[in-house]
Amino acid sequence: MSDASVKSSVPMVDAAGVSKSFGSNEVLKSITLQVQPGEVMCVIGPSGSGKSTFLRCINHLERVDAGRLSVEGELVGYRQKGGKLYELKPSEAALQRRDIGMVFQHFNLFPHMTALENLVEAPIRVKGISRSDAVARGRELLAQVGLADHANHYPAQLSGGQQQRVAIARALAMDPKLMLFDEPTSALDPELVGDVLDVMRGLAESGMTMVVVTHEMGFAREVGDSLVFMDGGVVVEAGTPRDVLSNPQHQRTKAFLSKVL
Amino acid sequence: MSDTQRPDGAGIPPTPSGGASGAGPTATGALPTERAEAIKAVKLRHPWRIAIAVVLIVLLVLFVLDAAQRKAFGWADVGKYLFDTRISQAALITLELTVYSMIIGIVLGLVLAIMRLSPNPVLKAVAWLYLWVFRGTPVYVQLVFWGLITLIYNTIVIGIPFVHTWATIDITWIPPLFFISVVGLSLNEAAYMAEIVRAGLLSVDPGQEEAAKALGMSWWQTMIRIVIPQSMRIIIPPTGNEVISMLKTTTLVAAVPFTLDLFGRSRDISAETFTPIPLLIVASLWYLFFTSILMIGQYFLEKRFARGTTRGRPVVGEPNDPASAAIMGGAGGVR
């Protein structure tokens with residue numbers, strides 16, 4: 001995906017020395033990495049390695065303590081003016097977030113709304129799209145994730161895999177330029193994982209920029225353009241999935257892969 | 001008491017619930033083709049329950065027979081005043097006090113709860129102060145205060161405080177006592193409703209707020225569209241309780257002093273007729289009538305909203321109860 005035409009443009013995600021602490025617990029220690037437009041980056045690592053936190057920093061669900069994090073050249077959560085950083089107003093932060101789709105481990109669908117209502121809520125309320133347009137687009141997206149027949153079902157009436165596909169469609173309904181996946185298949189029964197990964201694979205093939213925190217090594221190898229291994233809040237190793245998975249350089253990467261592969 | 005509701009009638013001792021799990025091992029091997037023979041056992045007897053019930057019934061009958069003959073109860077007067085128009089009008093006023101106070105109390109309680117949970121520290125502090133004052137003082141005392149409000153605040157001064165006065169306006173309007181009663185009751189109720197609403201809002205999975213945030217929804221949109229609708233199943237049952245409680249609390253408006261409510265009116269009548277006890281019975285019967293109706297409503301409310309509340313987030317792959325769907329289904333927009 002990352003060919004010459006893409007390299008010249010601004011990176012989709014540009015993290016330089018990103019650090020984050022919860023109290024005295026330093027979760028991210030100077031993370032530096034770039035995601036190019038159209039790239040699919042998979043992030044792997046043991047639990048507690050900071051990968052989810054990093055993902056949440058990208059759309060400012062967590063605020064960064066140190067370093068610079070920007071999306072399409074725009075600082076996340078802050079505005080730089082005359083060498084000084086200013087915190088963004090909640091409304092400005094919301095404006096940044098609406099272009100970044102996020103898919104959660106536990107789906108977080110709105111249980112009091114049908115699948116279709118879940119999809120049209122934000123486009124109507126946030127983007128001001130007319131209801132009829134939003135519904136048309138919503139049905140299109142539900143068809144895309146293979147759930148056209150489930151538009152009027154409530155989340156509780158759907159299986160986990162179906163719920164997660166609705167959640168992906170909900171994020172796509174905002175026409176994001178970047179999609180973040182936070183362990184999207186970790187909460188699913190094994191036989192339901194495939195459908196969700198198929199949807200994600202299709203999305204990757206359509207050229208969507210994606211950052212995927214995952215434990216699915218097969219997906220990372222087949223679909224990912226790059227692979228990052230994180231442990232203890234640092235990027236231990238990064239490269240193409242083939243290199244990192246088949247020929248890990250670092251001892252910690254080797255130890256982790258020997259356990260999960 | 002609840003023992004009597006056990007399914008003793010099923011004729012099965014409580015242990016055979018193990019029968020269901022006992023089917024597990026067989027299910028892994030050969031499928032059970034035949035049902036095992038049903039257990040026919042002699043039912044456990046409860047002679048003491050029967051004995052105590054008999055004693056209680058005898059005592060109750062004795063009490064009723066005795067009460068029917070006692071002059072002090074004045075049953076003739078009870079019959080005479082039970083449907084007296086003054087009493088039924090007063091009952092209506094009690095209902096009005098309850099309904100208005102609850103409506104204002106709920107709306108204000110919702111506002112206070114949202115203020116307490118808002119990211120704005122000023123709003124938080126104001127809400128905290130309100131709750132501190134109104135939950136920390138007896139409602140009876142508050143009602144006396146509201147009754148005296150026109151003595152405390154009788155002028156409006158326009159000017160720069162402590163420096164210069166441009167105009168002083170005397171407040172000649174004396175609010176009706178009914179109005180003051182509603183204000184007093186509802187402001188106190190709001191403090192309690194705020195806690196109920198807050199508990200409801202906090203019961204919603206934080207992931208919901210996060211998902212809404214990630215979609216670019218504002219804090220207000222998240223509250224109105226996502227959090228509040230989901231908190232209703234937690235908020236509504238205790239609110240029903242508050243209504244019942246409010247109906248009874250309206251008797252305290254005597255402190256304002258407002259006396260046209262059910263209890264005040266029956267006391268006024270008895271002051272003329274010197275028959276306090278029959279009128280107390282009349283008032284009690286009316287209160288019982290209203291609370292009984294409310295309790296029936298409460299029963300159905302709780303039945304409807306109690307489903308699925310103990311479950312956290314939907315279990316993966318498991319068809320969750322459709323309660324949430326059914327409850328909030330009407331609120332949706334897309335058809």
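The values are calculated or read from the model by the stated rules, or taken from the named source; none is laboratory data. Here the structure is a predicted model, which means the values were calculated and not measured. When we count neighbours, we look across all protein chains shown, and the Cβ atoms used for this are built from the backbone with ideal geometry, even at glycine. Keep in mind that these areas ignore ligands, DNA and RNA; they rest on the heavy atoms of the full protein, side chains included. Shrake-Rupley method; radii C 1.70, N 1.55, O 1.52, S 1.80 Å.
A few comments on the model shown:
- In the protein assembly as shown, the convex hull through the Cα atoms has an average projected area of 43.9 nm², a quarter of its surface area.
- The mean number of Cβ atoms from other chains found within 10 Å of a Cβ in peptide A:125-132 is 2, as a whole number.
- At R0 = 25 Å, FRET efficiency that the Cβ-Cβ distance of A:A255 and A:H215 yields, to 0.05: 0.95
- Per residue, the Cα convex hull of chain A amounts to 143 Å³.
- Taking a Cβ cut-off of under 15 Å around A:I44, the surrounding Lys, Arg, Asp and Glu residues balance to a net charge of -2, with basic ones at +1 and acidic ones at -1.
- Inter-chain shielding of A:90-100 (mean C-beta neighbours from other protein chains, 10 Å cut-off): 3
- The heavy atoms of B:F73 present about 60 square angstrom of accessible area, all protein chains included, probe 1.4 Å.
- Sorted on the mean count of surrounding Cβ atoms within 10 Å across their residues, most packed first, peptides B:202-213, A:155-166 read A:155-166, B:202-213.
- The alpha carbons of the range A:83-202 occupy a box of 52, 33, 26 Å along the principal axes, longest dimension given first.
- Spherically averaged projected area of the range A:21-108 from its Cα convex hull (nm²): 7.1 nm²
- Accessible area of B:Y140 in the full protein assembly, 1.4 Å probe (Å², nearest 10): 110 Å²
- Histogram of C-alpha separations across the range A:19-59, 10 Å bin width, %: 24, 57, 17, 2
- Net charge of Cβ neighbours under 10 Å - reference B:T249; Lys, Arg +1; Asp, Glu -1: -1
- Proximal aspartates and glutamates relative to B:K124, as straight alpha-carbon distance under 15 Å, when same-chain residues fewer than 8 apart are discounted: B:E195
- A:L85, A:L203, ranked by accessible area, largest first (probe 1.4 Å): A:L85, A:L203
- Computed label-point distance, nm, for sites B:S245 and B:L123 using a 7 Å Cα→Cβ extension: 2.5 nm
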